[in-house]
Amino acid sequence: MLVLGIETSCDETAAAVVRDDRAILADVVLSQLDEHRPYGGIVPEIAARSHLDHVDRLVVEALQRSGTTLAAVDAIAATGGPGLIGGIIVGVTTAKAIAAVAGKPFVAVNHLEGHALTARLTDGLEFPYLLLLVSGGHCQLLAVQGVGSYARLGATIDDAAGEAFDKVAKMLGLGYPGGPAVQRAAAVGDAGRFALPRPMKGRPGCDFSFSGLKNAVRLLLAQRLEAGHGTLAEADRVDIAAAFQLAVAESIADRTRAALRLFAQRHPGADRLVVAGGVAANAQLRATLAELAAAHGFQLVAPPLRLCTDNAAMIAWAGLERFRLGQQDGLDFAPRPRWPLDPTATRLRGAGVKA
Ligand code: KG4
Ligand code: ZN
């Protein structure tokens, strides 16, 4: 079975072809980073226009690289949400048009389900497992129980973890995207010089919060600027970056610890913790999580980075998993800017809450 997947819900335009034996036949990703960089963040209108400019070419390229043809593909999958609506419309419309012309089934995929099932594509994981999804747009802990079956154990009540990295990087004058820049600065900084809060640490439940930490960084920065008569000493910059990175890692570890306990109670014998999303690239976070997983008798599974960040292979794969269970969508499917994976989870309301 072969599935063509299309991803356009954020700032990557991507197309991929995957096979049911877990082979990725083609996986092309075009990042819009350079187009958004001057604005220090993603501009939805620019993103939608850019998806429109490139998606057709990327689909053709993916098919060519896969060594297969559209006629041999069994289904066309596209991200149907959640995300930036302009981009989702572009991907969904493209997929529907291809499906209609080629006479193939169309499968609308929840972007979060794409992230959630990636570990089955890369590592052949069995259900259930615990997923920590930490990116610029998402920050949640999910019990992945089966295709279409997810229990949200926790989520951010304000910013996503990657968003916090990006905002702090901006404050520190470190550029965009912030995560890699903060990590580089932190590598030469002293994480122990400044004390920053560990948001939500020890609280009941598994929710995340980063806005208080972000504010603490803002106050600390103002203080150091005053001490430097308006200029930030390089030592201050890297020490703040290091303190922030440590605070995020410890805060995420605390929330994940609570989720591991809950998950282990509900699913005795399950022993895999999967981390996905761009923030999973953070070395300090990975080390902290590996230690935490081991202490709970779990193994940390981190898919290769290019499959942790937004891509179309995960969309094609999630589409394939749904399609082989007999699921597909009509051409009247309406793009969904909000689309929680766990419909029973309480709706969170915060500035940066995406799903
Ligand atoms: O998954 P992703 O590529 O896109 C979505 O947001 O869906 O994640 C991008 C996010 C950005 O916020 C970026 O700053 C963060 O991941 N990031 C990192 C690192 N590399 C990327 N955060 C911390 N440390 C890193 N090394
Ligand atoms: Zn994503």
Among DSSP bridges having both ends in region 126-305, what percentage is antiparallel? Round to the nearest 5. 60
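Before anything else, pin down the relative contact order of the chain: Cα pairs under 8 Å, at least 6 apart, normalised by residue count, whole percent. Let's see the in-between values first.
Values: 765 pairs, mean separation 88.9, N = 355.
Computed over the chain, the figure is 25 percent.
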Of all stretches in the chain that avoid trypsin sites (Lys or Arg not before Pro) placed in a DSSP loop and having at most 15 other Cβ atoms within 10 Å, the longest is 23-192
Rounded to the nearest 20 debye, dipole of region 14-62 from Cβ charges on Lys, Arg, Asp, Glu: 80
Among DSSP beta bridges lying fully in the chain, give the percent that are antiparallel, nearest 5. 60
Need the full-extension length gain, L305 to R184, defined as separation in residues times 0.36 nm minus the C-alpha distance. One decimal, nm. 41.8 nm
Along the Cα→Cβ direction, 7 angstrom out, place labels at R49 and L219. What is the inter-label distance in nm? 4.1
Just want to confirm a number: the relative contact order over region 126-305, from Cα pairs under 8 angstrom separated by 6+ residues, in percent. 27
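Helix-derived [θ] at 222 nm for the chain: sum -39500 (n - 2.57) over DSSP H runs of at least 4, divide by residue count, nearest 500? Walk me through the intermediate numbers first.
Details: 11 runs with 157 residues, N = 355.
When only DSSP H runs of four or more count, the value is -14500 deg cm²/dmol.
Once you have a ≥ b ≥ c as the square roots of the Cα gyration tensor eigenvalues for region 126-305, tell me rounded if a/c is under 1.5, and otherwise prolate or oblate according to whether a/b is larger than b/c.
Numbers: a/c = 2.30, a/b = 2.20, b/c = 1.05.
Verdict is prolate for region 126-305.
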Leaving out same-chain residues fewer than 8 places away, which lysines sit with a Cα under 19 Å from that of K201? K214
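Taken together, the values in this text are just the output of simple stated rules run on the coordinates, not laboratory data. This is a predicted model, so every value here is computed, not measured. Every residue, glycine among them, receives a Cβ derived from its backbone with ideal geometry; neighbour counts consider all protein chains shown.
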